[in-house]
Amino acid sequence: MIPALKFLMYPNAMTDKFYLEEAIEDLHTLLDMTRWATSRFNDAALYFGHGTDNAWDEATSLVMQALHLPHPILEQAGENVLNSRLTKSEREKIAELVLKRVQTRMPLPYITNEAWFCGMPFYVDERVLIPRSPFAELIQNEFAPFVETAPTSILDMCTGGACIAIALAHAYPEAQVDAVDISTDALEVADINIQEHGLSHRVYPIQSDLFSSLEGQKYDLIVSNPPYVDAEDMADLPEEYHHEPELALAAGEDGLELVDIMLKEAPTYLNDGGWIFVEVGNSEVHMSERFPGLEVIWLEFENGGSGIFAVRKDTLVQYFSSKD
């Protein structure tokens, strides 16, 4: 018996135990275990949205991480690697992770403590959101065509585990990046990632309620993936999302409470010609009501995703001065 089983006594525990023991004995290859995991995920009607969007990709990711295989190995070695035979202890490890994913509905990155963003691995746990933002594409394209000169001072507001901040530091090797969050728990995770990526000399975790601790700072570029889930969507979130910190998700009735403060205060902290990019997800539908007449640029993504807008400092100055 896998030791963890006795701690996972859910309504379907006996059935899951049977599936697990059968898989360990009867399956042999990496492909066998991936197919079996896919079937278990589909049977349990899991929700996918934390790095994958379907059962097969989720199963592949789980198996690769369980075996400590490099993330892009299927592209590098080809699909023949799927025929590799596994030891019994490897099958046991995979089966245990599959069972945990099914029984707890915990997102896979929290189970393995690993998430990928901008082609890089990051440590994650339940103190931070799991990175999944379209900001990755923007960063890889260096915010073209909006940001024409490489920024040297960047703010990542609501940084969480600092995945965006670290990706920004890689994209702009001469830049200093301030990684700001209100949560000290999140900043502990951010510091783990900053140290792991060797960027403690350029990425600085700062505890602050939005701009409150940043007096006197000026930035060429501000990016933010803040809490933006409105009240209606919070009530409808799949179970997987309830493992994530509510502080990093919920933002009032329309999801724009923090965005409202951020846009009003951003001009004070942006250099002339600077841009702010903000992700608001599904709360995009509330923007015109919250900010009537504000001309923001909604971005389109080749790799999927939506709900990120860009706006220049001078546009914000003109807009909010007209409201005084």
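The values are calculated or read from the model by the stated rules, or taken from the named source; none is laboratory data. This is a predicted model, so every value here is computed, not measured. Ideal geometry is used to build each Cβ from the backbone, glycine not excepted, and the neighbour counts take in all protein chains shown. We work out accessible area using only protein heavy atoms, side chains counted, and drop any ligands, DNA or RNA first. Shrake-Rupley method; radii C 1.70, N 1.55, O 1.52, S 1.80 Å.
Here are the numbers:
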{"item": "Computed over the chain: relative contact order in percent, which uses C-alpha pairs under 8 Å that are six or more apart", "result": "13 percent"}
{"item": "Positive-pole candidate from Thr315, Val147, Leu199, dipole of the chain, charges at beta carbon", "result": "Leu199"}
{"item": "Charge sum, other residues only, whose C-beta stays under 10 Å from Asp156's C-beta, Lys/Arg counted +1 and Asp/Glu -1", "result": "-2"}
{"item": "Beta bridges by DSSP in the chain, antiparallel share as percent, to the nearest 5", "result": "35 percent"}
{"item": "Extreme residue, positive dipole direction of the chain, given options Leu168, Val102, Ser212 (C-beta unit charges)", "result": "Val102"}
{"item": "Rg/Rg_globular for the chain, with Rg_globular taken as 2.2 N^0.38 Å and Rg from C-alpha atoms", "result": "1.10"}
{"item": "Protein-only accessible surface order, largest first, of Asp53, Asp178 at 1.4 Å", "result": "Asp53, Asp178"}
{"item": "Solvent-accessible surface (1.4 angstrom probe) belonging to Glu232, in square angstrom, nearest 10", "result": "130 Å²"}
{"item": "Highest average packing first - 85-91, 201-207, Cβ atoms within 10 Å", "result": "201-207, 85-91"}
{"item": "For the stretch 146-292, fraction of C-alpha pairs farther apart than 20 Å, in %", "result": "49 percent"}
{"item": "Accessible surface of the chain [probe 1.4 Å, protein heavy atoms]: carbon and sulfur percent", "result": "47 percent"}
{"item": "Solvent-accessible heavy-atom area per residue, rounded to whole Å², over the chain at 1.4 Å", "result": "48 Å²"}
